[in-house]
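Written below as structure tokens is the structure these notes are about.
The values are calculated or read from the model by the stated rules, or taken from the named source; none is laboratory data. As the structure is a computational prediction, the values presented were derived from the model and not from experiment. So basically every Cβ, Gly included, is an ideal-geometry build from the backbone, and we count neighbours across all protein chains shown. With ligands, DNA and RNA removed, areas are computed over all heavy atoms of the protein, side chains included. Shrake-Rupley method; radii C 1.70, N 1.55, O 1.52, S 1.80 Å.
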Amino acid sequence: MSGIQRATGMQDTLPDDWPYWDLVMNTATRLARDYGFDRIDIPILEYTELFERGVGTASDVFVQKEMYTIAEPNGKDLSLRPEFTAGVTRAFLENGMGSWSQPVKLFMFGPIFRRERPQAGRYRQHSQFNAEIMGEMDPASDIEVMMLAMNLYRELGYRGLAFQLNSTGCRACRPAYVAKLSAYLRQFEDQLGDVDKERLAKNPLRVLDSKAPGMDELLADAPHLVDHLCDDCADHFGELRQLLDALDQRYTVNFRLVRGLDYYEKTVFEVWAEGIGAQAALCGGGRYDLSPEIGGHSVPSVGFGSGVERIILGLKEAGIEPPAAVEPPVLIAHFGGVTKVAATQLAFRLRHAGIGTWVAFASGRRSMKSQMREADKRAVRYVLVLGESEIEKGVIAVRPMQGGEQTIVDSTQIVTWLKEAGC
RNA sequence: GCGGGUGUGGUGUAGGGGUUAACACGUCUGGUUGUGGCCCAGAAGAUCGUGGGUUCAAAUCCCACCACUCGCCCCA
């Protein structure tokens, strides 16, 4: 087609998709509230500097190439948020949440923007469900966040879910490990692809994440980060695993799980499901402390983000159907003129009474047959026929569309009648 | 930013140089006096992604671009 199209990587969410969105958002909200999380909304636009200092320290690619930035006359550029974490951390500090009852447990929904190449389950604008526990170091808080994600997918009907778990250590223990890993990888440098050679030079941890063929063999004897944790990180990880075991949760300690945003420390995790193209991860999360980066005191936090479009894609592939949207059970047919006026009045009377109602529109005359066809396509339960003769007698002809005899109902009784019929 | 695939009415497809671009589904109207689903009749709707080029002639051949799509990078 010609004319203006959607911008690259943007999606229209059509009416047929909304049952899925309702299902996901309602389930997530209910679970989050059961777990003691409160909803927060934060701006879609923030000063670019926030992301530069928050996310930028971890992933310069994000900030330099993947953010949508709007130049402002005063020089304080704004950017569409590429993730939630920097924004909630800012909101935490700005609203003095450090003086609320600790920890602060928040969840949020909303669009996220990243200027990357679209592919299956990945868009330039996508919506995330995020949950964060802020101001708490206890590994039990890691568990709550992880279980919120897992149970969300379970309740939605996903099968074959698995936790992928790792610890990325902390400032104290990670550098020594990275040195060991680099030394190991340099032995095989000539076997690495261009991309991995560059990673080895810039950020060796990311080589672990490589999808290049032959990496399994190459990394077979690579050192594992979990074997090189400091006491603090090792204790945290150990307790986390104990708790997962106590909850009978299956998980894979995946030494190659390295999150792209490496502001994470200690816990990192994903939940994997099969069949979403190359995007197996339904969510990604972990422990972080972004607050010092943006000028605050330490706020140890743990959270995750989950892409709603990706969740829905998986539901569709698994053949999981959401409850159908509730459509009006009644359509009013008329013959124009005074009957149109009466039909319009009746429609609003029914709607005020809480009965969903369609009215047949017609700028001129319109055959009963045409209106009945419309009623059939709209799958209503009753057609209320309102013509001259009905108006004269003060009645309405009620035609049941799913079988049964057409009946005459007194106009004053129509609401009661429909309610009793279950509308 | 890099690579592969694809681009014909709303949707799914057919047509592979020659006057009115076909089919199915969908949409709308009608099938006598005010009544659905089946059936019948009819209508609307595409300058064949865009722009160049070759040719007497291009939806059909060539080039470029764009979009969509799958994957890489990165990530939910």
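Looking only at chain A, where both bridge partners belong to it, what percent of the DSSP beta bridges are antiparallel (to the nearest 5)? Just about 80 percent of them are antiparallel.
Per-residue extension of 0.36 nm, minus the Cα-Cα distance of A:Asn74 and A:Glu239, leaves a gain of 54.5 nm for this segment.
The candidates A:Lys393, A:Lys211, A:Lys316, arranged from most to least accessible area with a 1.4 Å probe in the full protein assembly, appear as A:Lys211, A:Lys393, A:Lys316.
For chain A, the per residue solvent-accessible surface stands at 50 Å², with DNA, RNA and ligands left out and a 1.4 Å probe. The amide H of A:Glu83, built 1.01 Å from its N in the peptide plane, has A:Phe113 as neighbours under 5 Å, considering only residues 5 or more places off or on other chains. Within the shell of other residues whose beta carbon sits under 12 angstrom from the beta carbon of A:Lys340, the net charge comes to +1, with Lys and Arg scored +1 and Asp and Glu -1. Modelled spin-label separation between A:Met368 and A:Met10, with each label point placed 7 Å from Cα along the Cα-to-Cβ direction: 4.8 nm. The calculated FRET efficiency for the pair A:Ala140 and A:Glu66, based on their C-beta separation and a Förster distance of 45 Å, comes to about 0.85. Taking only protein heavy atoms and a 1.4 Å probe, the accessible area of the stretch A:142-222 is 49% carbon and sulfur. If R0 is 25 Å, what FRET efficiency do you get for A:Glu189 and A:Glu217 from their C-beta distance, rounded to 0.05? For A:Glu189 and A:Glu217, the calculated efficiency is 0.95.
Scaled against the 2.2 N^0.38 Å expected of a compact globular protein of N residues, the Cα radius of gyration of the stretch A:330-420 reads 0.97. In plain terms, the chain from A:Gln102 to A:Arg171 could stretch by 22.4 nm, reckoned as 0.36 nm per residue minus the Cα-Cα distance.
Between rounded, prolate and oblate, where does the stretch A:317-374 land on the alpha carbon gyration tensor, with a ≥ b ≥ c its root eigenvalues, rounded for a/c under 1.5, else prolate if a/b exceeds b/c? Oblate, since a/c reaches 1.5 and b/c is not below a/b. A:Lys369 contributes about 130 Å² of solvent-accessible surface, heavy atoms of the protein only, 1.4 Å probe. If you model chain A as an ellipsoid using its alpha carbon gyration tensor, with each semi-axis the square root of five times an eigenvalue, the axes come out at 55, 23, 22 Å, biggest first.
Excluding A:Ile133 itself, what net charge comes from residues whose Cβ is under 11 Å from its Cβ, given Lys and Arg +1 and Asp and Glu -1? Charge balance near A:Ile133 sits at -3.
Here each label is just a point 7 Å from Cα along the line to Cβ, and for A:Lys316 and A:Asp410 those points are 5.2 nm apart. From the square roots a ≥ b ≥ c of the eigenvalues of the alpha-carbon gyration tensor of the stretch A:141-200, which class results: rounded (a/c under 1.5), prolate (a/b over b/c), or oblate? Oblate, since a/c reaches 1.5 and b/c is not below a/b.
Cross-link partners of A:Lys266 among lysines, defined as those whose alpha carbon lies under 25 angstrom from its own and excluding same-chain residues fewer than eight positions apart: A:Lys105, A:Lys180, A:Lys202, A:Lys211. Listed values for the stretch A:105-117 are Karplus-derived 3J(HN,Hα) couplings in whole Hz (6.51 cos²θ - 1.76 cosθ + 1.60, θ = phi - 60°), namely 10, 10, 10, 7, 10, x, x, 10, 10, 9, 8, 10, 6, and x replaces Gly and Pro.
Between A:Asp34 and A:Asn151, the contour length at 0.36 nm per residue exceeds the Cα-Cα span by 41.0 nm.
Taking the Cα centre of the stretch A:136-240 as reference, the dipole from Cβ charges on Lys and Arg (+1) and Asp and Glu (-1) amounts to some 400 debye. So how far, in whole Å, is the C-alpha centre of the stretch A:380-407 from the one of the stretch A:87-135? For the stretch A:380-407 versus the stretch A:87-135, the Cα centre distance is 52 Å.
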